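One structure below.
Derivation of every value follows stated rules applied to the coordinates shown; laboratory data play no part. All values reported here derive from a predicted model rather than from experimental measurement. Reconstructed Cβ throughout: ideal geometry from the backbone, glycine too, with neighbour counts over all protein chains shown.
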Amino acid sequence: MKIQDFDNLFNNKNLHKQALTHKSWVNEHPGLRDSNERLEFLGDAILEFIVSKHLYQRFPDKEEGYLTALRANLVNTVNLSKIAEKLNLGEKLYLSKGEEETGGRSNPTLLANTTEAILGALFIDKGVGVVENFVLENLLVDVEEKISKSLKDSKSLLQEYVQAQGFPAPHYKVVSEEGPDHAKTFTIEAVVNKHVLGQGAGKNKSEAAQVAAEVALKNLPGNLPK
């Protein structure tokens with residue numbers, strides 16, 4: 001199932017609409033429908049299962065550490081946000097006015113989360129087989145390219161790159177912490193030579209820093225400080 005086939009795939013249009021509903025919109029329109037956070041939670045689990053199953057079967061001689069690193073290189077904010085861009089999810093999102101004015105429709109983390117919510121909704125609507133088909137054709141098509149490159153995590157790759165260019169190692173600045181203690185969302189910036197190269201959000205500081213590094217790598221080399 002290719003990207004261009006996706007718009008008319010859902011039978012349950014309300015479920016599809018919920019998957020596109022950010023919590024900021026719900027705060028401005030209380031009582032109309034739920035946000036996509038629960039669907040995102042489900043989609044994240046389904047996506048990890050599908051990718052893990054595929055890699056386990058495709059690479060029977062690889063150890064757990066290799067498979068984990070490869071999965072992380074496939075299922076990350078940058079790759080998921082690219083799918084969101086191809087689906088034009090940014091244009092379809094239900095956002096608050098404030099979230100939209102601060103660039104929410106093009107925010108990689110928000111777009112990646114929405115992709116997971118869409119996959120969660122698709123799982124409920126059509127079942128795991130349809131989701132697996134979509135993931136195989138739109139996310140796992142570049143496995144060969146991934147295994148031909150380093151499987152180091154994004155923070156390591158970013159540090160190697162910027163230091164090779166003569167800059168100091170990146171540092172990671174916590175911009176905000178939101179939510180209750182049991183369900184916080186951290187936002188972190190990747191900073192090189194006092195210039196912000198990327199920003200990411202996550203359920204803990206380590207995850208948010210990795211996302212920030214992923215976004216920074218996507219922006220290189222044009223955004224390196226002078």
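So here's what we get for this one:
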read-out: Descending semi-axes in whole angstrom, ellipsoid equivalent of region 3-147, from the Cα gyration tensor; value: 28, 16, 13
read-out: Rounded if a/c under 1.5, otherwise prolate or oblate - region 94-226, Cα gyration tensor axes; value: oblate
read-out: Relative contact order of the chain, pairs being alpha-carbon contacts under 8 Å that are 6 or more residues apart, as %; value: 20 percent
read-out: Within the chain: Cβ-based charge dipole about Cα centre, in debye rounded to nearest 20 (Lys, Arg +1; Asp, Glu -1); value: 320 debye
read-out: Percent of alpha-carbon pairs separated by more than 15 Å within region 154-219; value: 45 percent
read-out: GNM flexibility winner over the chain from 110, 151, 80 (Cα, springs under 10 Å); value: 151
